[in-house]
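The values are calculated or read from the model by the stated rules, or taken from the named source; none is laboratory data. Owing to the predicted nature of the structure, the values given are computational and were not obtained by experimental measurement. Quick reminder, even Gly has a Cβ in these numbers, built from the backbone with ideal geometry, and neighbours come from all protein chains shown. Just so you know, the surface numbers come from the protein's heavy atoms only, side chains and all, with ligands and any DNA or RNA stripped out. Shrake-Rupley method; radii C 1.70, N 1.55, O 1.52, S 1.80 Å.
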Amino acid sequence: MSIESRTAHEWRVTGMDCGSCAAKVRGAVERLPGVADVEVALMPERLSLTLDARQTAPETIESAVRGIGFGIAPKGAPPETPQKSFILPEGAFPDMASVSAADSTPLDEAPTEAAADQPWYRSAKGKLVILTGGLLAAAWGARLGLGAESAHWAFVLATLIGLFPVARRALAMARARMPFTIEMLMSIAGLGALMIGAPEEAALVVFLFAVGELLEGLSAEKARNGIRALSTLVPKTARLEVGTRTREVAAERLGIGEVVQVRPGDRVPCDGEVIEGTSGVDESPVTGESVPSLKEPGSTVFAGSINTEALLRVRVTRSAEENTIARILRLVSEAESARAPTERFIDRFSRVYMPAVVAAAVLVALLPPLMLGQPWGDWTYRALALLLIGCPCALVISVPASIASALATGARNGLLMKGGKVIEASARVTDVAFDKTGTLTRGTPRVTDVAALEVPDTELLALAAGVELGASHPLGRAICAEAEERGIAAAQSSGGRGLPGKGAEATIGGVTVSVGSPRLAEERGALTEALRAQVSALEAEGKTVVVILREDRPMGLLALRDAPRADAAEAIAQLQALGISAVMLTGDNPRTAQAIADALGLDHRAGLLPEDKVAAIRDLRHGAQVMMIGDGINDAPALAAAHVGVAMGSGTDVALETADAAILRNRVTDAAGMIRLARAAMRNIRQNIAIALGLKAVFLVTTVLGVTGLWIAVLADTGATVLVTLNALRLLAFRPSPVSGILGADRKDLPGTGGKPAPATT
């Protein structure tokens, strides 16, 4: 096939729940003749490939994807509802970090009313859960009131209803030359249980998988909605200058070189360059910087940032498709697509285990009668018992039992992990990257130094608070908060006004009092050599300095800084005790970053934009398992690029929905607690697998030898399930974090720390 004969094609595929779904789509199309360069992107629901239409028509690609239960439509066409109704998840427990969902809107499109979420109970998966759950409840009720016979047929009915779509999907995958899937595993397990008279166990397993699929779909669509929220940061309209007038136009239609006006309080509608005006601009949605940045002619502004003080005229330098927010959206999508799919353990194991057990059962049923003349009835009985012993119900239930216990323990301790894949990845973490603002720090500046020159400290704060009273600027609010905390009343003021990019001033006691930057003091000739040295010393510590002037005479200095959280240093120490390295990634200036990093005892990289953070995460990923912890919209791409993305509970909705996990109580020490819990859960899972397989190995041998019969097989399978479930429940008593000082309990060695005592809090 010549390169010239290939053409690029792109489709939207709906109904993908996880990385394994993407792998199935890829497997269904890459075997077709004339197909090359197949890429299946889970997050944006995209299938792209190059195709020689002389060998395979685009319609054939669509038929292949529909044949395995997914919806598909060409790019730009209305989404197609997938045929994957009632299909079960790719693992033993819903991977809530994965993205799913039929009838969703692509990430680069705004959600519409037509794409609004329907109630879960109206979806096909919801109806299946309700139906099978109702049948289970009815069967258990029938057992109590009507006897075992009625209960038996109710369990059979529940199993068959639940297994029908699973078996249908298994057959479709088999026709696509992918026979050994979780669907085939579940079909054989359920039907095998029915054949040897264990419909209750079969119905319960099917019901649990239906619940898992429902939860996975709901969580997946919510995650997509969170990512789409990024697009709402950019205003829909812009004030475009046309000659001597301005008119409102759609922001997405702005062209490079055009000039827009951005009023105080407005969001910047484009990436551009300031050509007139001086103002502070809040860039926290983009860079994470907590203090507004001074913008003057020649400065760069980002789409989605907020003008806080004065009118700016901005020349457009990037189109809407290439502005900062659009690039963040693209980075999130690319990071998700580039992440290698993590196959569920049960699915991987079933590729060998399931065909081996089925083959062994067939051989036991056929070979002795055919080759040795043994009775068919006896060996058919043994084969059925062998199939039940080999039924993976204990494995299928034990893994989610451990995960469910770990998730419950995590939720009780403020740790939200979105499924088993996140737990598995967290247990392998070797490096943790932290955002600074709002993660390692409180996210708001605080007054750290009060240096009065000609008045007492109390009067200096009263003057500053009087000028800043009612201010919207974070520094002004911090000054007022400091005065209030100290019980100092703000001085009576009048005629307050802002000095764009420099500070503010007001009249107090008949004289003008100014609170501004060292630059303002310099302009007014109030910055003496001694004062300049003091300012430099404070700025060297990573602090922001303001000067209080009365009639242009310096009254004193205030220094502010976004202080670290109380438990940040302890969190770093706990991670180091676990053998985990930590680094801080921030958009703040290098001096502030250096000061925070030195105080906490970790490495740092400063001055990073969202794409820089993604690059830093990718560097760390080489030879390491990386967890990224952040709270801002600007952290979303890095959260997606890391092996595990964790959002602080105070973070933005986008960060929380992009992340694989969340720390709900804003405790940095919970990062170490999450890793301890994940490691404990994985140990528990390995123990469960050993118990389940060990018992099966023993009874497989005794069943073939005829020592144990059908009822022993049922007992062995049920007993294994009970044992692994009880073992999983031990996780409910696990304490993820050391609890002393800040966390409030005693110092003890905890499971998951490798035998090392966890550092005490302070």
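Some notes on this structure:
- Candidate set: region 410-426, residues that are open to solvent by less than 10 Å² (accessible area, probe 1.4 Å) and part of a strand (DSSP E or B); chosen: the one farthest from HIS622 (Cα to Cα): LEU415
- A Cβ distance below 6 Å, combined with a sequence gap of six or more or placement on separate chains, defines the contacts here; from region 430-457, residues that are on the phi > 0 side of the Ramachandran plot reach residues that are outside any loop (DSSP other than H, G, I, E, B) and modelled with pLDDT under 90 in the pairs GLY443/THR437.
- Cβ-Cβ under 7 Å pairs, at least 6 apart or on other chains, region 539-568 side without any contact (Cβ under 8 Å) to a residue 60 or more places away in the chain, far side in a strand (DSSP E or B) and open to solvent by 20 Å² or more (accessible area, probe 1.4 Å): GLY542/ARG561; VAL547/PRO554; GLU551/VAL511; GLU551/THR512
- Answer from ALA142, ALA170 - the residue that is small (Gly, Ala, Ser), buried (at least 17 other Cβ atoms within 10 Å of the Cβ) and under 20 Å from SER63 (Cα atoms): ALA170
- Residue count for region 536-556 under the criterion of being in contact with a Leu (Cβ under 7 Å, 6 or more places away or on another chain), farther than 13 Å from THR592 by Cα and open to solvent by less than 10 Å² (accessible area, probe 1.4 Å): the result is 4.
- Residue ID - modelled with the highest pLDDT, chosen from residues in region 216-262 that are open to solvent by less than 30 Å² (accessible area, probe 1.4 Å) and basic (Lys, Arg): ARG228
- Which numbered condition PRO74 fails, given (1) within 16 Å of MET178 (Cβ to Cβ); (2) modelled with pLDDT of 80 or more: (1)
- Any chance VAL429 is in a loop (DSSP other than H, G, I, E, B), under 18 Å from the mean Cα position of the chain (by Cα) and not charged (D, E, K, R): yes
- Residues of region 666-695 that turn out to be of a type in the set (Lys, Arg), in a helix (DSSP H, G or I) and crowded, with 23+ Cβ neighbours inside 10 Å, as a count: 1
- Taking the listed residues GLY443, GLY420, GLY410, the one that is farther than 30 Å from PHE207 by Cβ and either at pLDDT 70 or above or touching an Asp or Glu at 6+ places or on another chain (Cβ under 9 Å) (or both) is GLY443, with no other qualifying.
- For VAL291: the one exception among (1) at positive phi; (2) at pLDDT below 70; (3) more than 21 Å from the chain's Cα centre (by Cα): (1)
- Out of GLY510, GLY495, GLY525, one residue alone is surrounded by fewer than 17 Cβ atoms within 10 Å (Cβ to Cβ), farther than 20 Å from ASP457 by Cα and touching a Ser or Thr at 6+ places or on another chain (Cβ under 8 Å). It is GLY495.
- Residue match in region 431-440 (condition: open to solvent by 10 Å² or more (accessible area, probe 1.4 Å) and at pLDDT 80 or above): yes
- For region 605-621, the count of residues that are within 25 Å of LYS418 (Cα to Cα), in contact with a Lys or Arg (Cβ under 9 Å, 6 or more places away or on another chain), at pLDDT below 85 and open to solvent by less than 10 Å² (accessible area, probe 1.4 Å) is at least one.
- Residue check: LEU639 meets all listed conditions (1) open to solvent by less than 10 Å² (accessible area, probe 1.4 Å); (2) at pLDDT below 85; (3) part of a helix (DSSP H, G or I) but one, namely (2).
- Taken over region 574-598, the criterion of being open to solvent by less than 40 Å² (accessible area, probe 1.4 Å) and part of a helix (DSSP H, G or I) is satisfied by GLN574, LEU575, ALA577, THR592, ALA593, ALA595, ILE596, ALA597.
- Filtered residues of region 498-517 (kept if under 40 Å from the mean Cα position of the chain (by Cα) and not in a strand (DSSP E or B)): PRO500, GLY501, LYS502, SER517
- Filtering GLY630, GLY601 for residues that are surrounded by fewer than 19 Cβ atoms within 10 Å (Cβ to Cβ) and small (Gly, Ala, Ser) leaves a single hit, GLY601.
- Entry remark, region 231-285: residues being under 15 Å from ARG315 (Cα atoms), touching a Pro at 6+ places or on another chain (Cβ under 6 Å) and assigned to a helix (DSSP H, G or I) number 1 in total.
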